[in-house]
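Report on one structure; see the data block that follows.
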Amino acid sequence: MQSNTALEYDYSVAKLYMWTTVIFGIVGMTIGVLIAAQLAFPELNYLMGEYGTFSRLRPLHTNVVIYGFTLSGIMASFYYSAPRVLKVSMGELPLINALAKFQFVAYLVAATGMVISLGMGITANKEYAQMEWPLDVLIVVYWVIWGINMFALIGARREKALYISLWYYIACFLGVAMLYLFNNMEVPTLFFSGGLGAWYHSVSMYAGTNDALVQWWWGHNAVAFVFTVPIIALIYYFLPKESGQAVYSYKLSLLSFWGLMFVYLWAGGHHLLWSTVPDWMQTMGSIFSVVLILPSWGSAINMLLTMKGEWNQLTENPLIKFMVLASTFYMLSTLEGPIQAVKSVNAIAHFTDWIPGHVHDGVLGWVAFMIFAALMHMSTRVFKREIYSKSLLEAQFWIQTTGVVLYFTSMWIAGITQGMMWRAVDEYGNLMYSFIDTVTVLHPYYTIRAIGGLLFLIGVFMFAYNLYKTATAGRKLENEPQFRSPMA
Amino acid sequence: MSLTEMQGYAFFFFTIFLVVILYGYILHLYKSEKDGVRDYEKYGKMALDDELTDKPIEENPKETNEKKEK
């Protein structure tokens with residue numbers, strides 16, 4: 001490595017991912033609002049023939065927001081913050097920089113393939129793992145390149161210790177690698193059945209209950225290693241950096257890390273409570289889910305305490321607002337999840353709208369808020385410009401917060417109502433309600449949910465506009481801001 | 001002793017073992033800080049002082065050797 005006084009951080013890869021975050025965010029969440037509206041107003045299913053039905057769009061929504069929006073946000077943050085905490089610029093490693101760009105191209109191809117194939121109804125039929133095997137192979141290549149880049153950066157670092165965010169990125173890499181491979185073990189039908197079916201079709205290597213177990217081992221850990229672990233990596237970097245306050249307790253961050261790593265992997269069984277999997281496994285899923293409160297709250301409280309003595313920033317800086325509310329939603333979500341995983345509660349909650357309610361207070365309040373804050377923080381450094389509009393950011397915050405609250409409160413009420421109605425029996429033990437009775441009762445809540453989603457989507461457009469204007473019309477900065485991101 | 005009972009005991013002792021490991025780790029963190037082996041809290045500065053020109057919190061020995069060679 002050459003010492004060079006004019007050396008700067010190279011943000012070219014981070015910048016590419018920033019834009020895909022915005023594009024996939026708009027696409028994924030627009031579909032989300034549409035399918036939410038379809039549940040309230042079924043006639044909206046027939047806008048685009050087979051391509052517009054709920055069943056076709058729902059996997060498109062989940063996959064685009066997870067692997068399009070969230071993963072892009074994670075990669076943008078990784079390629080921005082990992083070099084910084086390691087004190088090595090991507091520009092110093094031309095081969096790794098080129099490989100990272102190739103990784104981005106592979107990502108774009110895989111993500112576009114995902115949108116097209118799911119849109120056409122080509123699916124492996126496993127939740128959050130719907131992509132068929134050719135795309136799975138491409139994703140493995142993409143993931144391996146990420147690993148190479150990550151460890152190459154670590155190998156070239158000037159800083160001896162690895163900052164806690166990097167621990168979480170490494171965990172994200174290893175966790176997803178292991179789980180993804182096991183869950184996507186599938187047999188391409190054409191090659192092993194004497195020419196049956198299309199070349200891209202496959203069937204899972206597991207069957208029945210085993211398939212369900214592996215599926216939810218993955219499914220829940222997609223939540224763990226895509227929605228939680230790397231987002232904690234984001235908050236451990238961006239909140240201290242934006243506020244200028246070092247993390248409250250580094251020791252607590254280490255303890256929470258190991259706690260989370262050990263516990264999270266075993267919680268997936270809670271998706272299969274009251275099903276055909278062995279009872280001890282269900283109990284294990286429940287217990288580990290409840291224990292999970294400790295490491296989750298460890299990280300979240302650590303973040304809130306980082307703001308100790310600096311709470312005035314909450315009123316002055318909208319990015320701090322986003323991040324503090326994100327960690328608060330993380331606390332809410334990680335308390336709500338374990339409650340739902342208790343067997344008796346799950347008997348009511350399972351298959352009801354309380355579940356998507358829970359998912360969305362996590363993903364909208366925690367994941368998306370963190371990604372918005374991270375991208376805005378980055379934008380001032382990447383584009384070397386002031387954030388275009390503080391008031392727009394403030395307005396986005398309040399509109400989206402209202403949206404999230406409307407979303408999860410309506411789904412709490414809808415879910416519990418639904419769960420109770422399904423179980424209600426008369427004095428002779430006959431079920432009191434048919435399915436359509438519940439649908440009729442839930443209609444207002446579905447409408448409220450769609451409105452909540454729409455408010456959130458409006459915020460996404462405000463964010464996209466603000467980011468675009470920051471990149472093109474924000475006031476130019478002569479020096480990179482040290483902590484607080486300047487905004488007009 | 002039946003298999004189920006054995007599983008029960010194994011589970012119980014394994015839980016105790018893990019609790020010991022967890023508290024042992026907390027103890028280890030605090031003890032190594034008290035004995036001056038390692039100051040964990042200084043690592044929090046890594047996110048704040050992250051300019052290329054900032055002095056590393058702890059210099060990577062590999063990097064130091066390369067500098068010496070030059």
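The values are calculated or read from the model by the stated rules, or taken from the named source; none is laboratory data. Keep in mind that this is a model prediction, so the values were computed, not measured. Don't worry about glycine lacking a Cβ; one is built from the backbone with ideal geometry, like all the others, and counts go over all protein chains shown.
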Report task. Would you please list the contacts, defined by Cβ atoms under 7 Å and residues six or more apart or on different chains, that run from a residue in region A:333-351 that is farther than 20 Å from A:Val425 by Cα to a residue that is not in a helix (DSSP H, G or I)? Result -> A:Thr334/A:Leu292; A:Pro338/A:Leu292; A:Lys343/A:Leu273
Query raised in the report: From the list A:Leu108, A:Leu71, which one is more than 29 Å from A:Pro240 (Cα to Cα) and touching a residue at least 12 places away in the same chain (Cβ under 8 Å)?
Result: A:Leu108
Report task. Could you tell me which numbered condition A:Ser249 fails, if it satisfies all but one of (1) within 20 Å of the chain's Cα centre (by Cα); (2) within 14 Å of chain B (Cβ to nearest Cβ)? Result -> (1)
Requested in this report: Considering only region A:238-266, state which residues are more than 18 Å from A:Leu162 (Cβ to Cβ), hydrophobic (A, V, I, L, M, F, W, C), part of a helix (DSSP H, G or I) and in contact (Cβ under 8 Å) with a residue 40 or more places away in the chain.
Outcome: A:Leu239
Query raised in the report: Looking at region A:224-237, is at least one residue over 12 Å from A:Pro295 (Cα atoms), outside any helix (DSSP H, G or I) and away from every other protein chain (no Cβ under 11 Å)?
Result: no
Report task. Filter region A:293-314 down to the residues that are aliphatic (A, V, I, L, M) and away from chain B (no Cβ under 14 Å), then identify the one that is surrounded by the most Cβ atoms within 10 Å (Cβ to Cβ). Result -> A:Ala300
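Would you check if B:Gly36 is modelled with pLDDT of 90 or more, assigned to a loop (DSSP other than H, G, I, E, B) and more than 7 Å from chain A (Cβ to nearest Cβ)? Walk me through it before giving the result.
Numbers: modelled with pLDDT of 90 or more: yes; assigned to a loop (DSSP other than H, G, I, E, B): yes; more than 7 Å from chain A (Cβ to nearest Cβ): yes.
In short, yes.
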Requested in this report: Kindly check whether there is at least one residue in region A:382-389 that is buried (at least 23 other Cβ atoms within 10 Å of the Cβ) and over 30 Å from A:Ser89 (Cβ atoms).
Outcome: no
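Restricting the search to region A:433-488, which residues are small (Gly, Ala, Ser) and within 20 Å of A:Val33 (Cβ to Cβ)?
The answer is A:Ala450, A:Gly452, A:Gly453, A:Gly459, A:Ala464.
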Query raised in the report: Can you spot a residue in region A:9-25 that is more than 20 Å from A:Ala100 (Cβ to Cβ) and more than 14 Å from chain B (Cβ to nearest Cβ)?
Result: yes
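For the condition away from chain B (no Cβ under 14 Å) and not small (Gly, Ala, Ser), what is the one hit in A:Met411, A:Met378? I'd like the intermediate steps shown before the answer.
Details: A:Met378 fails: away from chain B (no Cβ under 14 Å).
When all the criteria are applied, what remains is A:Met411.
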Report summary line: Only one of A:Leu174, A:Leu179, A:Leu190, A:Leu196 is of a type outside the set (S, T, N, Q) and at pLDDT below 90, namely A:Leu196
Query - Residue, modelled with the lowest pLDDT, within region A:267-280, restricted to residues that are part of a helix (DSSP H, G or I) and surrounded by fewer than 18 Cβ atoms within 10 Å (Cβ to Cβ) - result: A:Trp280
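A quick yes/no check of all residues on (1) farther than 26 Å from A:Met462 by Cβ; (2) in contact with a helix residue (DSSP H, G or I) (Cβ under 6 Å, 6 or more places away or on another chain); (3) among the basic types (Lys, Arg):
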| residue | (1), (2), (3) |
| --- | --- |
| A:Met18 | no, yes, no |
| A:Leu34 | no, no, no |
| A:Asn45 | yes, yes, no |
| A:Leu57 | no, yes, no |
| A:Val64 | no, yes, no |
| A:Leu71 | no, no, no |
| A:Ala76 | no, yes, no |
| A:Phe102 | yes, no, no |
| A:Val105 | yes, no, no |
